[in-house]
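Step one of this worksheet: look at the structure below.
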Amino acid sequence: EILTGFIALRSLRIFKTLRIIEFIPGGKKITKKMLSAFKGVTFILFAFVIFTTVISVISVSLFKNSAPQYFHNAFESFYTIFKIFSGDGFSDVVGEIQANSSVGVTAFAKLYFVLIVFLGTILGLSLVNSIFINEMSTIVDEVDENNDKAIDELKAQIDLLNNKQDVIMEKLNKLMEEKENHLKRN
């Protein structure tokens, strides 16, 4: 029984398959950018968890008697609030409150949960998503920047070759003129 936990750790070997990323063109860049995106989102996720915790504690004090199934303690409330953020169970929670409370409390609950959905889903989760997408989009910007540098280098080389070609043509024309002059003299 003691070794059961260690045997379960063997299942972590599945992460070895992530080495396939090395063979994908730009895979290391993508992985690096994903880790950078997670770093950028960490603070927002932390703030989101704190926000959810505060809302959960407030919800317990407001709706413990109206919807004990959902707001019996802070842990159940946290889970309920998170489900509401994801859009799951909003109507069930409001229905339970409506069945066990007055019209005024029900109206307040509807407004309260609409505000929570707005703040949590639209502002919270959308902000996390937009930061993550923004960080990942910088990969395309770097590729475009590298392509622009390569194009500029090619243009510079073409200009250099054109200049050399002009110099060679001038020398060739001078040689041709000298040859013609030499033939005319002889």
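Of the residues F113, F132, the single one that is in contact (Cβ under 8 Å) with a residue 24 or more places away in the chain and either of a type outside the set (A, V, I, L, M, F, W, C) or over 16 Å from K64 (Cα atoms) (or both) is F132.
Of all the criteria given as (1) assigned to a helix (DSSP H, G or I); (2) under 17 Å from F118 (Cα atoms); (3) open to solvent by 50 Å² or more (accessible area, probe 1.4 Å), the one not satisfied by S61 is (2).
Scanning region 138-186 for residues that are of a type in the set (D, E, K, R), open to solvent by 80 Å² or more (accessible area, probe 1.4 Å) and closer than 30 Å to I30 by Cα, we see that the one that is modelled with the highest pLDDT is K155.
Just wondering, is there one or more residues in region 6-23 that are without any contact (Cβ under 8 Å) to a residue 24 or more places away in the chain and either outside any helix (DSSP H, G or I) or under 30 Å from L123 (Cα atoms) (or both)?
No - not one qualifying residue is present in region 6-23.
Checking each residue in region 94-131 for being under 19 Å from K39 (Cα atoms) and either hydroxyl-bearing (S, T, Y) or open to solvent by less than 60 Å² (accessible area, probe 1.4 Å) (or both) picks out G124, S126, V128, S130, I131.
The values are calculated or read from the model by the stated rules, or taken from the named source; none is laboratory data. Please read all numbers here as calculations on a predicted model, not as lab measurements. Because the Cβ atoms are built from the backbone with ideal geometry, glycine has one as well, and the counts that use them run over all protein chains shown. Each accessible area value is taken on the protein alone, full model and side chains, heavy atoms only, with ligands, DNA and RNA left out. Shrake-Rupley method; radii C 1.70, N 1.55, O 1.52, S 1.80 Å.
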